[in-house]
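Encoded as structure tokens, the structure appears first; notes follow it.
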Amino acid sequence: GAGVSQTPSNKVTEKGKYVELRCDPISGHTALYWYRQSLGQGPEFLIYFQGTGAADDSGLPNDRFFAVRPEGSVSTLKIQRTERGDSAVYLCASSPTRRGGATQYFGPGTRLLVL
Amino acid sequence: AQTVTQSQPEMSVQEAETVTLSCTYDTSESDYYLFWYKQPPSRQMILVIRQEAYKQQNATENRFSVNFQKAAKSFSLKISDSQLGDAAMYFCAYKSGTASKLTFGTGTRLQVTL
């Protein structure tokens, strides 16, 4: 079956602009995660959805970052007033459940460059 | 807070040889899971192998195996019969049994030479 997909693959924007990054999880997966990967680093957790609700948003760096998952499937990560420091690869993952060691399956990421 | 440390930024191995990537972690929990993910230049994180902390037996997946030392909080990955396609970044990750997120190390870049 289809894996996790993310669009766009690459996004270039100017400082101060608004961007939306989309994630389409594996069909039937109830848990969805967003991570951010800066150059030379491992991914860092941003937010986790169980169904439609954000169950854990403790990783969002500030209030410029917001994510939604209105129908419990596709999720959108929204970044307002982008800054150069937001440049990174944004990874989305999904899993059939959040319980225990359920494997998280990752998408190919969106590389965001803020000029 | 849990931390994951990968002390080898880069490793190199010859094709068909064996290489071991190191990972240590810090936690006070007893219920947790450990993972190794591979990230090729395509950026997609691919699960290589996983280990449940409550299992004493080391996990194996074909040419990949782990050495899980719970008391030492060590979780190394052994790749046997290395292939050119194994060249990638490898990330060690920790997940609490009660939380949702993965905590990653900084990664080890593996080169495979002829």
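The values are calculated or read from the model by the stated rules, or taken from the named source; none is laboratory data. Keep in mind the model is a prediction, meaning the values are calculated, not measured. Please note: Cβ atoms are built from the backbone with ideal geometry, for glycine as well, and neighbour counts cover all protein chains shown. Ligands, DNA and RNA are excluded from the accessible area calculation, which covers all protein heavy atoms including side chains. Shrake-Rupley method; radii C 1.70, N 1.55, O 1.52, S 1.80 Å.
Distance check, please: which entries in B:Lys38/B:Lys95; A:Lys17/B:Lys101; A:Lys15/A:Lys78; A:Lys17/B:Lys38; A:Lys15/B:Lys38 exceed 22 angstrom between their Cα atoms?
A:Lys17/B:Lys101; A:Lys17/B:Lys38; A:Lys15/B:Lys38
Counting only heavy atoms of protein chains, what accessible area per residue, in Å², does chain A have with a probe of 1.4 Å?
47
Please give the direction-averaged projected area of the C-alpha convex hull for chain B, in square nanometres with one decimal.
Projected area, direction-averaged: 6.8 nm².
Sorted by accessible area (1.4 Å probe), largest first, how do B:Glu29, A:Glu83, A:Glu44 line up?
Descending accessible area places them as A:Glu44, A:Glu83, B:Glu29.
Which semi-axis lengths, in whole Å and largest first, follow from the square roots of five times the eigenvalues of the Cα gyration tensor of the stretch A:5-114?
For the stretch A:5-114, the semi-axes come out at 22, 14, 13 Å.
Ballpark to the nearest 100 Å², how much total accessible area do A and B bury together, probe 1.4 Å?
The contact between B and A buries close to 1800 Å².
Any chance you could run the full-extension gain for B:Ala1 through B:Ser30? It's 0.36 nm times the residue separation minus the Cα-Cα distance, nm to one decimal.
9.1 nm
What is the stretch A:5-114's relative contact order, in percent, from Cα pairs under 8 angstrom and six or more apart in sequence?
So the answer I get is 36 percent.
Tally up the carbon and sulfur contribution to the accessible surface of chain B as a whole percent, 1.4 Å probe, everything protein left in place.
Carbon-and-sulfur percentage of accessible area, whole number: 45.
Give the average over all directions of the projected area of the C-alpha convex hull of the protein assembly as shown, one decimal, in nm².
Convex hull of Cα atoms, orientation-averaged projection: 12.5 nm².
If I take R0 = 41 Å and measure r between the Cβ atoms of A:Lys17 and B:Gln14 in this structure, what FRET efficiency does the formula 1/(1 + (r/R0)^6) give, to the nearest 0.05?
0.30
List the residues of the stretch A:26-61 whose accessible area drops by at least 50 Å² when all protein chains are present, compared with their chain alone, using a 1.4 Å probe and counting only protein heavy atoms.
At a threshold of 50 Å² (probe 1.4 Å), the residues of the stretch A:26-61 that become less exposed are A:Pro43.
How far apart, in nm, are the 7 Å Cα→Cβ label points at B:Leu84 and B:Ala71?
Each label point is offset 7 Å from its Cα along the Cβ direction, giving 4.5 nm.
Need the per-residue list for the stretch B:41-76: every residue with at least 40 Å² less accessible surface in the complex of protein chains than in the chain by itself, probe 1.4 Å, sorted by number.
Checking the loss per residue gives B:Arg43, B:Gln44, B:Met45.
List the pair-distance distribution P(r) of the stretch A:1-56, using every Cα-Cα distance, as the percent of pairs falling in each 10 Å bin from 0 up to the bin containing the longest distance, rounded to whole percents.
Values per bin, smallest distances first: 18, 45, 32, 5.
Where both partners of a DSSP beta bridge lie in the protein assembly as shown, what percent of those bridges are antiparallel, to the nearest 5?
Around 90 percent antiparallel, to the nearest 5.
Given a Förster radius of 35 Å and the C-beta distance between B:Asn62 and A:Ser5 as r, what FRET efficiency does 1/(1 + (r/R0)^6) yield to the nearest 0.05?
About 0.80, to the nearest 0.05.
With Cβ to Cβ distances under 13 Å as the rule, what net charge do the other residues near B:Ile46 carry (K, R +1; D, E -1)?
With Lys, Arg at +1 and Asp, Glu at -1, the neighbours total +1.
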